[in-house]
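Participant: One structure, pasted below without further comment.
The values are calculated or read from the model by the stated rules, or taken from the named source; none is laboratory data. This structure is a prediction, so every number in the text was calculated from the model and none was measured. Virtual Cβ from ideal backbone geometry, glycine too; neighbours counted across all protein chains shown. To get the accessible areas, we keep the full protein, side chains included, count just its heavy atoms, and leave off ligands, DNA and RNA. Shrake-Rupley method; radii C 1.70, N 1.55, O 1.52, S 1.80 Å.
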Amino acid sequence: MNKNLLRLQPYPFEKLAELKAGLAPPASLKHIPLSIGEPKHPAPPFVLERLTQSLDGIGQYAATRGTEMLRAAIARWATQRFHLSEGALSPEHHILPVNGTREALFAFAQCIVDSSEDAKVLMPNPFYQIYEGAALLAGAEPVFINCDTANLLPDFNSVSEQDWQACQLLYLCSPGNPSGAVLKLEDYQQLLALADKYNFVLASDECYSELYFDENAAPLGLLQACELLGRKDFRNCMVFHSLSKRSNLPGLRSGFVAGDAHLIEAFFAYRTYHGCAMPLTVQQASIAAWEDENHVRDNRELYRKKFAAVIDILAPVCDIEKPEAGFYLWLKTGVDDKTFAAALFEKYNVTVLPGSFLARSTPTGNPGQNRVRIALVATLEECVEAAERIKQYFTEKN
Ligand SMILES: Cc1ncc(COP(=O)(O)O)c(C=O)c1O
């Protein structure tokens, strides 16, 4: 057996189930689950239609590289969304379809890490737990970069020279889960210089990039930063995108990676053996989704309404800030986050995720402590009802 399996940590939701075990919330209150980041808005009907119209694709093996049509649709979308120059992204050399970002983020570490050396994989703290598991199973040591308490971005200046030296892969998450914080051009500039100096790869998880508040201020992506900085070959860079949050299609399992042609070729070789080609039926539905922006704008509007309503209710009783992007509130609890989440469940039948379950303890503390992650994925009515209950909880506590 692979002994690295023993190093995997329990998933945050296992810890949450343990925390809630034995607690009995009032039966009079309907349960409102806000812990899981699973989109709940309806899937776009035209995508589902294309899916059912494409069922004949099930009768064929799909190629790992995906169809030319899908890669061309992705290239058009990414070029427009990230203001890339025409032809900067070649469907042939810079893009691969993946079955959602989760599998790709995991598989990418298996492809990049050379465990015959002292390999380190760096990641934000708090973080999406797949990064850590990917590093461990690739035989690398995860290194956690605590997020700054003010701007909620990883404090890259806190990383030691030794860790940069051993870094083979750095995961970025912008907009961040759980904070929604967005990396700026100067952050990317610093990171690209570090990647060149220490020869490591940047894996930029951008699966929340389409959930933002100001239609005129979409979050910057890594490829866009490369273009702005004149880095035309996207050297050392790979971005990860998904239809799960953008288009409310978490069950479709569809996304893509794009970036450095050498990395794409290596990842393609890896994936050929891994056996994770996207079914042709899913590819057809994905083309329909990438080619439409109206449903994405409507989706943002739904989140905008929920954030406005929930923040309006909670602002008088706690220290709350609207995130820059994403669909999470990263709420300061003022008390231990586990105590907060357990009491909120027990008294008000609302489930939120303790922040410390999303982070690792480091010598300078656990950056998830005294915060909870609240996913505004339920309906507007349920989010409002949950906010009212949370307000009541804060009011009673004080
Ligand atoms: C930060 C982050 N990355 C990646 C994923 C995986 O999403 P998917 O595999 O559906 O694209 C999630 C899902 O919640 C996430 O929060």
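Participant: Output the qualifying pairs, or none if there are none: Cβ atoms under 6 angstrom, residues six or more apart or on different chains, first residue in the stretch 78-107 and in the same structural domain as HIS262 (by TED's automatic domain parsing), second residue among the basic types (Lys, Arg) and more than 8 Å from the ligand (Cβ to nearest atom).
Facilitator: PRO91/ARG71; ILE95/ARG71
Participant: Related question: Residue check, ASP298 against (1) under 17 Å from HIS41 (Cα atoms); (2) surrounded by fewer than 24 Cβ atoms within 10 Å (Cβ to Cβ); (3) within 20 Å of the chain's Cα centre (by Cα); (4) not basic (Lys, Arg), all met but one. Which one?
Facilitator: Unmet for ASP298, out of (1) under 17 Å from HIS41 (Cα atoms); (2) surrounded by fewer than 24 Cβ atoms within 10 Å (Cβ to Cβ); (3) within 20 Å of the chain's Cα centre (by Cα); (4) not basic (Lys, Arg): (3).
This table checks each residue for (1) open to solvent by 20 Å² or more (accessible area, probe 1.4 Å); (2) in the same structural domain as GLY230 (by TED's automatic domain parsing); (3) farther than 20 Å from PHE256 by Cα; (4) of a type in the set (Gly, Ala, Ser).
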| residue | (1), (2), (3), (4) |
| --- | --- |
| LEU152 | yes, yes, yes, no |
| GLN162 | yes, yes, yes, no |
| GLY180 | no, yes, yes, yes |
| ASP205 | no, yes, no, no |
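Participant: Moving on to the next point. Does the stretch 346-362 hold any residues that are open to solvent by 20 Å² or more (accessible area, probe 1.4 Å) and under 23 Å from LYS30 (Cβ atoms), and which are they?
Facilitator: Those that are open to solvent by 20 Å² or more (accessible area, probe 1.4 Å) and under 23 Å from LYS30 (Cβ atoms): GLU346, LYS347.
Participant: Now for a separate question. Could you list, in sequence order, all residues of the stretch 203-242 that are closer than 17 Å to GLU301 by Cα and in contact with a strand residue (DSSP E or B) (Cβ under 8 Å, 6 or more places away or on another chain)?
Facilitator: Correct list: TYR208, SER209, LEU211, TYR212, PHE213, ALA218, PRO219.
Participant: Just need a number here: residues in the stretch 9-34 that are within 24 Å of CYS383 (Cβ to Cβ) and among the aromatic types (Phe, Trp, Tyr).
Facilitator: Total satisfying the criteria: 1.
Participant: Do you know which residues across the stretch 114-141 are assigned to a strand (DSSP E or B) and surrounded by fewer than 22 Cβ atoms within 10 Å (Cβ to Cβ)?
Facilitator: Within the stretch 114-141, just GLU141 meets the criteria.
Participant: Can you confirm whether the stretch 80-102 contains a residue that is out of contact with any helix residue (DSSP H, G or I) (no Cβ under 9 Å at 6 or more places or on another chain) and surrounded by 12 or more Cβ atoms within 10 Å (Cβ to Cβ)?
Facilitator: No.
Participant: Still on this model: Among residues belonging to the stretch 306-316 that are in contact with a helix residue (DSSP H, G or I) (Cβ under 7 Å, 6 or more places away or on another chain) and farther than 15 Å from ARG371 by Cα, point out the one that is surrounded by the most Cβ atoms within 10 Å (Cβ to Cβ).
Facilitator: The selected residue is VAL310.
Participant: Can you find, within the stretch 173-195, the residue that is farthest from LEU122 (Cα to Cα) among those that are of a type in the set (A, V, I, L, M, F, W, C), out of contact with any strand residue (DSSP E or B) (no Cβ under 7 Å at 6 or more places or on another chain) and more than 16 Å from the ligand (Cβ to nearest atom)?
Facilitator: Within the stretch 173-195, the match that is farthest from LEU122 (Cα to Cα) is LEU185.
Participant: Another question, then. Which pairs turn up if I take residues in the stretch 108-128 that are in contact (Cβ under 8 Å) with a residue 12 or more places away in the chain and look for partners that are within 13 Å of the ligand (Cβ to nearest atom) and of a type in the set (D, E, K, R) with beta carbon separation below 9 Å, at least 6 apart in sequence or on another chain?
Facilitator: VAL121/GLU132; MET123/GLU132; PRO126/ARG373; TYR128/ARG102; TYR128/ASP205
Participant: On to the next question. For the stretch 29-47, name all the residues that are outside any loop (DSSP other than H, G, I, E, B) and surrounded by 13 or more Cβ atoms within 10 Å (Cβ to Cβ).
Facilitator: Scanning the stretch 29-47 gives ILE32, PRO33, PHE46, VAL47.
Participant: Quick check: is even one residue across the stretch 48-65 within 16 Å of the ligand (Cβ to nearest atom), open to solvent by 10 Å² or more (accessible area, probe 1.4 Å) and not hydroxyl-bearing (Ser, Thr, Tyr)?
Facilitator: no
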